[in-house]
Amino acid sequence: MKLDDRLLKTHPCPCTSTRVNYNDRMGVQAIEVKNLTKVYSNDFKAVDDISFAVNEGEFFGFLGPNGAGKSTTMRVLSTLLKPTAGEITIAGFKLGPQDDEIRGSIGFAMQGVTLDDMASAWENLLLIGNLYGMTKQETQSRAGELLNILNLEKVADSWVKNYSGGMKRRLDLAAVLMHHPHILFLDEPTEGLDPAARRVIWDYLRDLNKQGTTMFLTTHFMQEADELCERLSIIDNGKIIITDTPANLKKEADGSLDDVFIHFTGHGIRDEDVSNKGVDPYVRS
Amino acid sequence: MTEFSKIKYLFFRGFKQATRPYAALAPELIIPLFFFLINSSAFQRLVDLPGFEYTTYLQFYAPVGLLTAIFVSSGSTGLEVVTDISTGYMDRLFLAPIKRWYIVFAKLAAVGLKSATLTSIMLIMFMLFGAQFNGGIIGLLFILLFAFIFAMAWAGIGLSLAFITKNPRVVQSAFIFFFPFSFITTAQLPLELLEGWYKIAVQLNPVTYILEGMRAILATGEIGQTVFVGLLVASGFAVITLSVATYAFRKSIVKQ
């Protein structure tokens, strides 16, 4: 299934306060991270002095075991968490002083589905579109197109709580795409989906990327990373161990991407660091 | 205009959240009516007490029923916010390029409207059961104003606990505040008939003045000093609880 080209040809950020002409921004790195460190209030260092850059239009993978610092990094880059140290530029905007501009430029599909369960798909999308400064007409048109593309048109007026997991995930993606984000952060976007639904999502993401959307993906599915990503970083204990193309990494480990992952992060089963459990991720500390 | 539109959409969303599922509205309608019917019948003979100026206890108790409607209809606000936090929906809102106070403001306004709506429904029902309302349109507007302000004030307690603890059980337990604030008032007897420590406690309870303000409107229809004192106290109550809620909100979202 192909996404409608009309929706993807350009990326006009509809936020009236943060309108960006992306055609003028070619050549600019989509994400630039210098010496990012994040220490939580309980002194747990989740991210330890990492630097990397993601090019415009690149599909970038950010892999690592549980508790490695992936989600923390993503929450920092999406403005939900403040970094302890480091300089970060997203879509040409500096994190901190230009958070609103960044928010208008990115979409973030979080690990769980973040929808209003007691509202319909239509209501969910209309609210999101409005919050991003889209006009009523733009919002209705865009919501209709996305619901059509993601095959949710028939259930658009039903409450989301009645949806299956796959339907919720697709609607969540629609909510993230409402405002034509320039950069998409995807935190395990196919977690809990069956193989067919996963493949549908992959196709969507691949098409979006082909049309120019920069992708920043974390996943535990190595096959997903292998199929989608042009480059990968592997992070462990808050530090980036290696960054390269999947092909080069596989070559180096002389095996699959699973072998690469185990090679760089070890064989032991990982759990989230329980010392960090006292810190509610919602608390911006 | 765009910014107003954002608040408007958040307000509509907040109102829908507060009224869905519709079945959950049943207890919010039944509980005040239950209190009203049971107590106005059980304590009917209290009107025979010397110094009791009302001819029917039902008339005396009607504003307590309205107050109960406000308590009950605004009491779930904290839980609704905790749900938004635990499902990640609050993060979805935080990711939008909006001022974050819009989220809280719109939610409170929605709760105020919901309470005002339920209060007016209750008022009609009480009148069907024989309560008199002498306030006319102006009186009704003042009753709705009481409902709107006090609902936001009461929601402020649940909101504060929601932002501080993010725990549904803790937020749910805030319901216990209903008992002292609601019962240690002139709900059962006029102030003149109360004595000792209880009378002092009643005079210290801000809800007493809110209740008396509403009672004055129902009984006489006069918008006088009692009404304005009641509104002033309700507003002060709201300022305190919403300040705490705002502080807790900022503490929970400020990126340290």
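Given the criteria assigned to a loop (DSSP other than H, G, I, E, B), more than 8 Å from chain B (Cβ to nearest Cβ), over 17 Å from the mean Cα position of the chain (by Cα) and crowded, with 19+ Cβ neighbours inside 10 Å, does A:PRO97 qualify? So A:PRO97 does not fit the description; no.
The single condition among (1) in a helix (DSSP H, G or I); (2) surrounded by fewer than 20 Cβ atoms within 10 Å (Cβ to Cβ) that B:LEU218 does not meet is (2). Residues in region A:69-88 that are under 17 Å from A:MET110 (Cβ atoms) and either free of Cβ contacts under 8 Å to residues at least 12 places away in the same chain or open to solvent by less than 20 Å² (accessible area, probe 1.4 Å) (or both): A:GLY69, A:LYS70, A:THR72, A:THR73, A:MET74, A:VAL76, A:LEU77, A:SER78, A:THR79, A:LEU80, A:LEU81. Within the span defined as region B:184-206, every residue fails to be part of a helix (DSSP H, G or I), hydrophobic (A, V, I, L, M, F, W, C) and within 17 Å of the chain's Cα centre (by Cα). Considering region B:26-51, and only residues there that are within 30 Å of A:ASN162 (Cβ to Cβ) and either touching a helix residue (DSSP H, G or I) at 6+ places or on another chain (Cβ under 6 Å) or of a type in the set (Ser, Thr, Tyr) (or both), the residue that is surrounded by the fewest Cβ atoms within 10 Å (Cβ to Cβ) turns out to be B:ILE31. A single member of B:ALA174, B:ALA248, B:ALA238 is out of contact with any Leu (no Cβ under 6 Å at 6 or more places or on another chain) and either more than 14 Å from chain A (Cβ to nearest Cβ) or without any contact (Cβ under 8 Å) to a residue 60 or more places away in the chain (or both), and it is B:ALA238. Any residue in region A:101-110 that is in a loop (DSSP other than H, G, I, E, B) and open to solvent by 30 Å² or more (accessible area, probe 1.4 Å)? Within region A:101-110, not a single residue is in a loop (DSSP other than H, G, I, E, B) and open to solvent by 30 Å² or more (accessible area, probe 1.4 Å). When region A:125-148 is filtered for residues that are among the aliphatic types (A, V, I, L, M), farther than 19 Å from B:GLY14 by Cα and either open to solvent by 20 Å² or more (accessible area, probe 1.4 Å) or within 10 Å of chain B (Cβ to nearest Cβ) (or both), only A:MET134 remains. Being open to solvent by less than 30 Å² (accessible area, probe 1.4 Å) and within 19 Å of A:ASN151 (Cα to Cα) is the filter here, so list the residues in region A:180-208 that pass it. Passing the criteria: A:PRO189, A:THR190, A:LEU193, A:ALA197, A:ILE201, A:TRP202, A:TYR204, A:LEU205, A:ASP207, A:LEU208. Checked against the criterion of being within 28 Å of B:LEU93 (Cβ to Cβ), away from chain A (no Cβ under 14 Å), open to solvent by 20 Å² or more (accessible area, probe 1.4 Å) and assigned to a helix (DSSP H, G or I), region B:228-235 contains one or more residues that satisfy it.
Just one residue in the set A:ASP172, A:ASP117 is surrounded by fewer than 18 Cβ atoms within 10 Å (Cβ to Cβ) and either touching a residue at least 60 places away in the same chain (Cβ under 8 Å) or within 11 Å of chain B (Cβ to nearest Cβ) (or both); that residue is A:ASP117. Taking region A:222-260 as the range and being closer than 19 Å to A:THR72 by Cα, open to solvent by 60 Å² or more (accessible area, probe 1.4 Å) and in a loop (DSSP other than H, G, I, E, B) as the test, only A:ASN237 passes. Selection over region B:60-102 of residues that are within 14 Å of another protein chain (Cβ to nearest Cβ), of a type in the set (Ser, Thr, Tyr) and either within 30 Å of B:ASN134 (Cα to Cα) or open to solvent by less than 10 Å² (accessible area, probe 1.4 Å) (or both) gives a count of 1. Checking B:LEU123, B:LEU144 one by one, the residue that is crowded, with 18+ Cβ neighbours inside 10 Å, more than 14 Å from the chain's Cα centre (by Cα), at negative phi and aliphatic (A, V, I, L, M) is B:LEU123 and no other.
Looking only at region B:110-120, which residues are farther than 28 Å from A:LYS168 by Cβ and open to solvent by less than 20 Å² (accessible area, probe 1.4 Å)? Result: B:GLY112, B:SER115, B:ALA116, B:LEU118, B:THR119.
The values are calculated or read from the model by the stated rules, or taken from the named source; none is laboratory data. Since this is a predicted model, take the numbers as computed values, not measurements. Neighbour counts are summed over all protein chains in view; Cβ atoms, including those assigned to glycine, are modelled from backbone coordinates with ideal geometry. Side chains are part of the model used for accessible areas, which takes the heavy atoms of the whole protein and leaves out ligands, DNA and RNA. Shrake-Rupley method; radii C 1.70, N 1.55, O 1.52, S 1.80 Å.
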